[in-house]
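Participant: Below is a structure I'd like to ask you about.
The values are calculated or read from the model by the stated rules, or taken from the named source; none is laboratory data. On a predicted model such as this, the values are computed, not experimentally measured, just so you know. Ideal geometry is used to build each Cβ from the backbone, glycine not excepted, and the neighbour counts take in all protein chains shown. Side chains included, ligands, DNA and RNA excluded: accessible areas come from the protein's heavy atoms. Shrake-Rupley method; radii C 1.70, N 1.55, O 1.52, S 1.80 Å.
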Amino acid sequence: MNKLGGKVLLILVIVGFLAILFYRINEGQHEAVALQKSAVETGITPVALTRAKVVDPSESITLPGNIVGWYEAPIYARVEGYVQAWHKDYGDIVKKGDVLAEITTPDLDAEYRQAHADLESERARNALAQLTAQRYVAMREHQALSEQAISVQLAEAQAAAAKVKAAEQKVKNIEAFIGFKKITAPFDGVVTQRNINVGDLVSKEGNLSGTDSKNNLFTVAEVDKLRLFVNVPETFGPFLASGLTANVTVPQLPSRHFNFKFLTVAKGFDVNTRTAVTVFTIDNKDRALWPGSYASVHLTAPVDRKVMTIPTSALVFQEHGTQVAVVVDEDRLHFQPITVAKIYDNFIEVSEGLSVSDRIVNNPSAALLEGDKVRVVTPVAGYDVVGTQAKAPEPTDSKH
């Protein structure tokens, strides 16, 4: 009985030993497989992917512009003299015909008095010539004078009458200039400039009292309706037509946007800048906008340029040109040549070489070669800049 129990115990010990041995061998094989798999994965470069995004079928551009009044009139004097008084100042609202300033004209006044004196003299000469002609004609019946003498006197009488008319017209001309002693507003509007003071010498060339340049006396602008002048590049030429609007901001009201409507275009490009002068307009009943304002003009046109955007971090620069690393079948790497349309700070526009289905490597390692096998991983939060890609970055403001 003791021998039987000892055999059973021995058998159990042997079975347990074999079980432990089998477990250790099996576990070692699993560890070897895992170690081999880990070694293989360690030897494959991990990459993060990004995708190309199709740009909206439109193009936007921001340009500088100038806002001016619907009418703007720089006003000069028509006569030379001294400013006696000015009645309208900067920002004053005026009606057509309102007196802006008055001018004293001593030279013109003296010329007017001289013209009147000349007129009276010519009238006296004409009266004498007419009387003499009548007497000569009366003596024709008695043949006291020759026909030649009578004809000469009649001609002199006509000449004297003509001189009277000329003297009268000269007086009228000077009276017309005397009317310009009062500077008046040409239309309803606002005074945007006043470049004179009492005592300034002025003429039709402007204010002559300044030391630097000759200035206009006043500027009056109609501000209830405004014009916007923009130099638009050639690429927007086909879209400069009725229906186009401009989103405008001005420095003095940065948070307010104004919508200007297309008015007209020059229909010709400047050979130096390759731009066309384009005019927009807006009603300005509240007079929030002022003439002379600088405007930041944002234009958007339906231009399907068939381009896509990718992060600049996905670019690869090699001797073959600009490329991107694309993961193809069996997670192999292929360097795909691309055509860059535009470059921005964080993104580029690609016109050829990519499709939306391409798996593009973001931040590819310089050690990667054509055909290398890669391992696709998901970047941790804060690493993937691709997710912050804008749908269509706006270009930098164009300058003159």
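Participant: Which links in Lys95/Lys170; Lys96/Lys172; Lys95/Lys165; Lys182/Lys267; Lys95/Lys181; Lys170/Lys204 stretch past 30 Å when you go from one Cα to the other?
Facilitator: Lys95/Lys170; Lys95/Lys165; Lys182/Lys267
Participant: Sort the following peptides by mean Cβ neighbour count (other Cβ atoms within 10 Å, averaged over residues), highest first: 226-237, 359-370.
Facilitator: 226-237, 359-370
Participant: Just tell me which aspartates and glutamates come within less than 15 Å, Cα to Cα, of Lys88; anything on the same chain fewer than 8 places away is out.
Facilitator: Answer for Lys88, where 15 Å is the Cα cut-off: Asp98, Glu102, Asp188, listed by chain and number.
Participant: Write down the Å³ per residue value for the convex hull defined by the alpha carbon atoms of segment 231-344.
Facilitator: Dividing the Cα hull volume of segment 231-344 by its residues yields 189 Å³.
Participant: For segment 106-177, with every protein chain kept in place, what is the accessible area per residue (1.4 Å probe, Å²)? Intermediate values should be presented prior to the final figure.
Facilitator: On the way: 4980 Å² over 72 residues.
That works out to 69 Å² for each residue.
Participant: Continuing with this model, one more query. Just to confirm a number: summing +1 for Lys and Arg and -1 for Asp and Glu over residues other than Gln114 whose beta-carbon lies under 13 angstrom from that of Gln114, what do you get?
Facilitator: -4
Participant: Using a 1.4 Å probe, how large is the accessible area of Lys165, given in Å² and rounded to the nearest 10?
Facilitator: Solvent-accessible area, nearest 10 Å²: 140 Å².
Participant: What is the sum of charges, Lys and Arg at +1 and Asp and Glu at -1, for the other residues whose Cβ falls under 10 Å from the Cβ of Glu72?
Facilitator: 0
Participant: Find how many whole Å separate the alpha carbon centroid of segment 263-332 from the alpha carbon centroid of segment 102-156.
Facilitator: 78
Participant: May I pose another question? Go through Phe280, Phe262 and list them by solvent-accessible area, largest first, probe radius 1.4 Å. Please list the in-between numbers first.
Facilitator: Working: Phe280 0, Phe262 35 Å².
Solvent-accessible surface, decreasing: Phe262, Phe280.
Participant: Step by step: find N for segment 44-196, compute 2.2 N^0.38 Å, then divide the Cα radius of gyration by it. What's the final number?
Facilitator: The value comes to 2.36.
Participant: Give me the net charge of Glu102's neighbourhood, meaning all other residues with Cβ under 9 Å from the Cβ of Glu102; Lys, Arg count +1, Asp, Glu -1. Please list the in-between numbers first.
Facilitator: On the way: positive: Lys181, Lys182; negative: none.
Here the count lands on +2.
Participant: Also, I was wondering about something else. Please say if segment 106-177 is rounded, prolate or oblate, where rounded means a/c under 1.5 for a ≥ b ≥ c the square roots of the C-alpha gyration tensor eigenvalues, and otherwise the choice is prolate for a/b larger than b/c and oblate otherwise?
Facilitator: prolate
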